[in-house]
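Enquirer: Pasting a structure here, questions to come.
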Amino acid sequence: MTLRLEPRFAAKARSGLFWFVVVLILLFMTIPAVVVIATSFSPSELVTFPPAGLSLKWYVRAVTYPDFQNAFINGLIVTSFASTLALITGSAVACLIERYAFPGRTVLEAVLSSPLIVPHFTTGLGFLMLGVALGINQGYAIVIVTHVLLVLPFVTRSVYVSLRNLDPHLERAAANLGASPGRVLTRITVPLLLPGMAGGWLVAAVLSLTEFTASLYVTDAGTQTLPVAMYTYIREYSDPTIAAISAILILATTLVMFIADQIFGLGRILSIDAH
Amino acid sequence: MSAAGTGAPRRRPFFLPFLLVSLIAAGLFLAALGDVLHYSVRLFIPGSIEVGGFTLANFARLLRPIYRTVLLATLIISFLTAIFTLLLGYPVAYALVRVRRGWVRSLLIVLAITPLFTGEIVRTYAWILVLGTNGFINSILKALGIIGAPLSMLYTSFGVILALVQFSMPVMIMLLATAISHVDRSCERAAANLGASPLMVFWRVTLPLTTPGIVSGAVVIFAWTMSAFSTPQLIGGGKVLMLSNLVYLEGLTNLDFPLAAALSLLALVVAIGSLGLMRPAIARLERKATLY
């Protein structure tokens, strides 16, 4: 197609066309977020585009609506327990898989990574039934357990990658110098794994805060998390209050992700960096 | 693994506590799945969440035309979503891996990956605003004079697939970027030195070397879309039904736990089945790729 063009020019045109396509695709990915933010400042109850003015009233309604306040606090309770428990469990699983050979290791690994494959509604339905069977279907416990299992594969992966990159000589040196196994763990292994653990915890916390489908099954009116409360609101009202909350969440996650990228290197956590 | 190569005997502290914690987690997940399996073979008693004796009637109910239609729709929507996500994801993944400027790379990572973390409700709601009768697309098309009456995109398969594609992009981009970052650049350079044009290098070297990533990306998104719930629920608005919506309807609205459990198992089998079929295909592709 570029036969008669000078090669230099053809290369420029090709690369220009390529980046044009990439920018278009990125626009497709980001326009919904932009539309949400624009709508959140709309003065009217009817959602129209473009908004007919500027107003902050939906932000006021979003932060003063009691259901959202309760749901936000529920979410914080569930997330702080779930991501911390997932961090402890995930670190144990990662060590077990990387360091120890024992019968059934691959089975254990498969079972604990399967929440990635099993549809969230199946997981949610299962934990709802389990909660009923154990008599804990009302309350935070079953919500926390569900979230721990759902975010566990992400924490395990993050810690596992750090563990693979850890120089075993450091631990052996400490042990040879007389450090007890507990001391090696707390003074050498955990500090060296800290970036992977922190990155995994962060991803777990964000995923738990925003998890919706399984939460819809295992929460009730008293324990519903923010996404569930938002879903209920969307079904009942059509004003831009949800746009206001969404705008806050979009800006918050973008900020957190940007900072995380600076500190941990998201490319490394998500393992897309070139080797 | 790592213990084998080092020669020195490795001590194994903390094996039991680590194992105990892992087994508790695995046990809880298996118990939840076991409950789904258990309920799927129990008799539904209308008006009660108590279940009756053992039966296979729930699976027989799955054979009704309505469930077959919904299963087929779920498969078609998931397939189309996987294909379109692949086509749109590849250029972004390629740019992400090959761009040299650090800040462009960071920007691409944040733009491409952040949507994954804003949660499905926020993203689904955003698409309601984009696709609605007075929404973003209709307002723009009207302002440009392209359409007189608003297009109806909400409550259509088109709208559901569009939202699902945007939803699946971050995961697809991550999987493809991993594959592209593993391509040995010297193969590309060799082809270029032998006179292949850049397009030819991409078409005959880079693309074939990334086929394992392409297949796994497409299959993962297919299985992932099988389990999408909020998008068909809110954008489909009851007019576009996927398995997930039926599970919700039967389980939480009609309280027919046995049928909901049978439907969930069906979705689980399709998801695991497609991923299981992928493994040998990828192994074959990887063997082929090393021959190049």
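Enquirer: Give me the dipole magnitude in Debye, nearest 20, for the protein assembly as shown about the Cα centre, with unit charges on the beta carbon: positive for Lys and Arg, negative for Asp and Glu. It would help to have the intermediate numbers written out before the result.
Expert: Working: 36 positive and 21 negative charges, 382 e Å.
So the magnitude is around 1840 debye.
Enquirer: Related question: Along the charge dipole of chain B, pointing to its positive end and built from +1/-1 on Cβ of Lys, Arg, Asp and Glu, which listed residue (B:T206, B:G195, B:A271) has its Cα farthest out?
Expert: B:G195
Enquirer: Take the alpha carbon gyration tensor of the stretch B:196-288, find the square roots of its eigenvalues, order them as a ≥ b ≥ c, and report rounded if a/c is under 1.5; if not, report prolate when a/b exceeds b/c, else oblate.
Expert: Values: a/c = 6.97, a/b = 2.31, b/c = 3.01.
Cα axes put the stretch B:196-288 in the oblate bin.
Enquirer: Here is a follow-up. Sorted from fewest to most neighbouring beta carbons within 10 Å, what does the list B:H182, B:H38 look like? Before the final figure, lay out the partial values.
Expert: On the way: B:H182 14, B:H38 17.
If I rank by nearby Cβ atoms, fewest first, I get B:H182, B:H38.
Enquirer: With only Lys, Arg, Asp and Glu charged, each at its Cβ (+1 for the first two, -1 for the last two), find how big the charge dipole of the stretch B:29-291 is about the Cα centre; round to the nearest 20 debye. Present the calculation step by step, with values, prior to reporting the outcome.
Expert: On the way: 18 positive and 8 negative charges, 183 e Å.
Value, rounded to 20: 880 debye.
Enquirer: Using alpha-carbon pairs under 8 Å, 6+ residues apart, how would you state the relative contact order of chain B in percent?
Expert: Value for chain B: 26 percent.
Enquirer: Expressed in nm², what is the orientationally averaged projection area of the convex hull enclosing the Cα positions of the protein assembly as shown? Don't skip to the answer; put the middle values down first.
Expert: Values: hull surface 122.6 nm².
Averaged projected hull area, Cα only: 30.6 nm².
Enquirer: Right, here's the next one. With +1 on the Cβ of every Lys and Arg and -1 on the Cβ of every Asp and Glu, and nothing else charged, how large is the dipole of the stretch A:142-218 about its Cα centre, in debye rounded to the nearest 20?
Expert: Numbers: 5 positive and 3 negative charges, 43 e Å.
That gives the stretch A:142-218 a dipole magnitude of about 200 debye.
Enquirer: Anything in chain B that counts as a DSSP H helix reaching 15 Å or more along its axis (C-alpha) with Kyte-Doolittle mean of at least 0.5? List them, would you? Please list the in-between numbers first.
Expert: On the way: long enough: B:15-40 (37 Å, 1.80); B:65-98 (49 Å, 1.58); B:102-113 (16 Å, 2.00); B:120-131 (16 Å, 1.32); B:157-181 (34 Å, 1.98); B:211-226 (22 Å, 1.52); B:257-291 (51 Å, 1.24).
What comes out of the filter, once short or polar helices are dropped, is B:15-40, B:65-98, B:102-113, B:120-131, B:157-181, B:211-226, B:257-291.
Enquirer: Would you please state the base-10 log of I(q)/I(0) at q = 0.08, 0.10 1/Å for the stretch B:29-291, with intensities from the Debye formula using one equal scatterer on every alpha carbon?
Expert: Log10 of I(q)/I(0), two decimals: -0.44, -0.65.
Enquirer: Within chain A, which whole H helices from DSSP have a Cα span along their axis of at least 30 Å and a mean Kyte-Doolittle hydropathy of 1.0 or more, if any? Don't skip to the end; give the middle numbers.
Expert: On the way: long enough: A:7-40 (49 Å, 1.64); A:66-99 (48 Å, 0.96); A:140-164 (35 Å, 1.55); A:241-263 (33 Å, 2.02).
TM-like helix candidates: A:7-40, A:140-164, A:241-263.
Enquirer: Find how many whole Å separate the alpha carbon centroid of the stretch A:236-254 from the alpha carbon centroid of the stretch B:171-243.
Expert: 31 Å
Enquirer: May I pose another question? Can you compute the modelled spin-label distance between B:A281 and B:L16, with each label point 7 Å from Cα toward Cβ, in nm?
Expert: According to this spin-label approximation, the distance is 4.7 nm.
Enquirer: Going by C-beta contacts inside 10 Å, put B:C187, A:C95 in order with the fewest on the left. Present the calculation step by step, with values, prior to reporting the outcome.
Expert: Values: B:C187 15, A:C95 21.
Listing B:C187, A:C95 from fewest to most nearby Cβ atoms yields B:C187, A:C95.
Enquirer: Given the Cα atoms of chain A, and with Rh set as the inverse mean 1/r over their pairs in the Kirkwood sense, what is Rg to Rh to two decimals?
Expert: On the way: Rg = 23.6 Å, Rh = 22.0 Å.
Ratio value, two decimals: 1.07.
Enquirer: Provide the net charge surrounding A:F20, with neighbours chosen by a C-beta distance below 14 Å and charges set as Lys +1, Arg +1, Asp -1, Glu -1. Working shown, then result.
Expert: Numbers: positive: A:K12, A:R14; negative: none.
Cβ neighbours under 14 Å give a net charge of +2.
Enquirer: Got a sec? How would B:S106, A:S91 order by Cβ neighbour count within 10 Å, fewest to most?
Expert: On the way: B:S106 17, A:S91 26.
Ranking B:S106, A:S91 by Cβ neighbours within 10 Å, fewest first, gives B:S106, A:S91.
Enquirer: A further question follows. Any aspartates and glutamates with Cα under 20 Å of the B:K239 Cα? List them, leaving off those in the same chain fewer than 8 positions away.
Expert: A:E236, B:E120, B:E250
Enquirer: Counting other Cβ atoms within 10 Å of each Cβ, which trypsin sites (Lys or Arg not before Pro) in the stretch B:59-141 have at most 15 and sit in a DSSP loop?
Expert: Counting only loop positions with at most 15 other Cβ atoms within 10 Å, the trypsin sites (Lys or Arg not before Pro) in the stretch B:59-141 are B:R100, B:R101.
Readers should treat all values here as calculations from the given coordinates under stated rules, not as data from a laboratory. Just so it is clear, the structure is predicted and the values come from calculations on it, not from any experiment. Neighbour counts are summed over all protein chains in view; Cβ atoms, including those assigned to glycine, are modelled from backbone coordinates with ideal geometry.
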